[in-house]
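The values are calculated or read from the model by the stated rules, or taken from the named source; none is laboratory data. All of these numbers come straight from a predicted model, not from anything done at the bench. Backbone-built Cβ (ideal geometry, glycine too); neighbour counts: all protein chains shown. Note: accessible area is taken over every heavy atom of the protein model, side chains too, but ligands, DNA and RNA are not part of it. Shrake-Rupley method; radii C 1.70, N 1.55, O 1.52, S 1.80 Å.
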Amino acid sequence: QVQLVESGGNLVQPGGSLRLSCTASGTIFRFLTMGWYRQAPGKQRDLVATITRAGATNYAESVKGRFTISRSNAKNSVYLQMNSLKPEDTAVYYCSGREILSEYWGQGTQVTVSS
């Protein structure tokens, strides 16, 4: 059973930056796609960014130009660099890894953007 563990969430002021990390218990090369999703209170879980095994990326319109997803196969990790943070970015951020027939999720890390 694969485990994904997120870290890096914190309280940050508007305009600030955070870097989230997601580390897998095994190789991330098994996943066709890895991604970050977020869920604000009372809202559905939404896509933030994804990255394929080949390194192709995809972003939600609301984070384009501010967030960058990357991966390190050597460290079995995926990262989300978040710049120019806004209060509306406040949410629990989840890491996911998708195989052909299965999808795995981490437990989430809280990001709060507030002055």
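In table form, for the structure just shown:
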read-out: Linear extension gain, Thr68 paired with Leu11, 0.36 nm per residue minus alpha-carbon span; value: 18.6 nm
read-out: Relative contact order [Cα under 8 Å, 6+ residues apart], region 1-46, whole percent; value: 31 percent
read-out: Calculated FRET efficiency for the pair Ala54/Gln107, C-beta based, R₀ 30 Å, to 0.05; value: 0.60
read-out: Reachable lysines, given that their alpha-carbon falls under 16 Å from the alpha-carbon of Lys64 and they are not under 8 places away in the same chain; value: Lys86
read-out: For region 1-72, accessible area per residue (1.4 Å probe, heavy atoms of protein chains only), Å²; value: 55 Å²
read-out: Extension gain (nm, one decimal) between Lys86 and Glu61, 0.36 nm per residue minus Cα-Cα; value: 7.6 nm
read-out: Portion, in percent, of the accessible area of the chain that falls on carbon or sulfur, probe 1.4 Å; value: 48 percent
read-out: Gain upon complete extension [Gln3, Ile100; 0.36 nm per residue less C-alpha separation]; value: 33.2 nm
read-out: Computed label-point distance, nm, for sites Lys43 and Ser115 using a 7 Å Cα→Cβ extension; value: 2.0 nm
read-out: Relative contact order for the chain, counting Cα pairs under 8 Å that sit 6 or more residues apart, in percent; value: 37 percent
